[in-house]
Amino acid sequence: MGASTLISAGYLAIMEHSHAEDEWGTTAHLNAYRILPWLINSGSNTLLDYGAGKGSFKNAPEMQGYTVHEYDPAIPKISKSPAPCGFVVCIDVLEHVEPECLRSVMEDLKRVGINEGYFIISLVPAYLTLIDGRNAHIMLREASWWENFVGQYFKITGFRPFGLKSGVSYPWPDGRYPYANVHINVKPLGAQDD
């Protein structure tokens, strides 16, 4: 596997199968309201949904009036390397990236994110299992790990871990995971504060 590999051939086949057989990439629209203020503040009217899955984000009511470009290596019709965009969203994607490809993916996110980005990263196991038997969240790490890692590639302008929903039964012991996901707002390294 080369230094700039975003996904290995074997894992791409697994992801293509998962997208074809399971309900993956169908919930990003639920976070559009959280992203919208950051998008408005950025002044961009175009954005890139990096790891778009089945494309639910572009159909969110909050995205009306915006041009949403999509990229996902496991969806043939949107698998071409994307052009840079003023604003990039990466929703529930990074926890699915192979550890040996994560640095290349972050470099690619730097390449495509011209001005600003919003990343949502899950911090808990997925409910789905891959066809090879692994949990779908193969890159499961704690919030502080992601903060340090993302900070190597971007200037972090917002970092918010969100807790688990109360009253919900999860398939892991109580207290095992303090947060469900983390929302990270980023700008290129060296960007000036507004």
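Six or more apart or on different chains, Cβ atoms under 6 Å: show the pairs whose first residue is in the range 118-137 and farther than 30 Å from residue 42 by Cβ and touching a residue at least 40 places away in the same chain (Cβ under 8 Å) and whose second is open to solvent by 10 Å² or more (accessible area, probe 1.4 Å) and part of a loop (DSSP other than H, G, I, E, B).
So the pair list comes out as 125/137; 128/22; 136/126; 136/128.
If I ask for residues that are modelled with pLDDT of 85 or more and open to solvent by 70 Å² or more (accessible area, probe 1.4 Å), which ones from the range 18-37 would you list?
Residues satisfying the conditions are 33, 34, 37.
With surrounded by 15 or more Cβ atoms within 10 Å (Cβ to Cβ), out of contact with any Phe, Trp or Tyr (no Cβ under 8 Å at 6 or more places or on another chain) and within 16 Å of residue 186 (Cα to Cα) as the only criterion, which of 49, 92 stands out?
After applying the criteria, what remains is 92.
Quick check on my filter: what residues within the range 127-175 are β-branched (Val, Ile, Thr) and either over 30 Å from residue 20 (Cα atoms) or under 19 Å from the mean Cα position of the chain (by Cα) (or both)?
Scanning the range 127-175 gives 129, 138, 150, 156, 157.
Quickly run through the range 32-66 and pick out the residues that are assigned to a helix (DSSP H, G or I) and among the small types (Gly, Ala, Ser).
Answer for the range 32-66, where residues must be assigned to a helix (DSSP H, G or I) and among the small types (Gly, Ala, Ser): 32, 42.
Can you report the number of residues in the range 125-146 which are in contact with a strand residue (DSSP E or B) (Cβ under 9 Å, 6 or more places away or on another chain) and buried (at least 16 other Cβ atoms within 10 Å of the Cβ)?
Of the residues in the range 125-146, 9 are in contact with a strand residue (DSSP E or B) (Cβ under 9 Å, 6 or more places away or on another chain) and buried (at least 16 other Cβ atoms within 10 Å of the Cβ).
Only one of 13, 83 is surrounded by fewer than 19 Cβ atoms within 10 Å (Cβ to Cβ), assigned to a loop (DSSP other than H, G, I, E, B) and without any contact (Cβ under 8 Å) to a residue 40 or more places away in the chain; which?
83
Could you say whether any residue in the range 55-64 is open to solvent by less than 10 Å² (accessible area, probe 1.4 Å), on the phi > 0 side of the Ramachandran plot and without any contact (Cβ under 8 Å) to a residue 40 or more places away in the chain?
yes
How many residues, within the range 96-110, are under 11 Å from the mean Cα position of the chain (by Cα) and open to solvent by less than 20 Å² (accessible area, probe 1.4 Å)?
Going through the range 96-110 one residue at a time, the tally reaches 4.
The values are calculated or read from the model by the stated rules, or taken from the named source; none is laboratory data. As the structure is a prediction and not an experimental result, all values here were calculated from the model. Heads up, the Cβs are rebuilt from the backbone with ideal geometry, glycines too, and the neighbour counts pull from every protein chain shown. Keep in mind that these areas ignore ligands, DNA and RNA; they rest on the heavy atoms of the full protein, side chains included. Shrake-Rupley method; radii C 1.70, N 1.55, O 1.52, S 1.80 Å.
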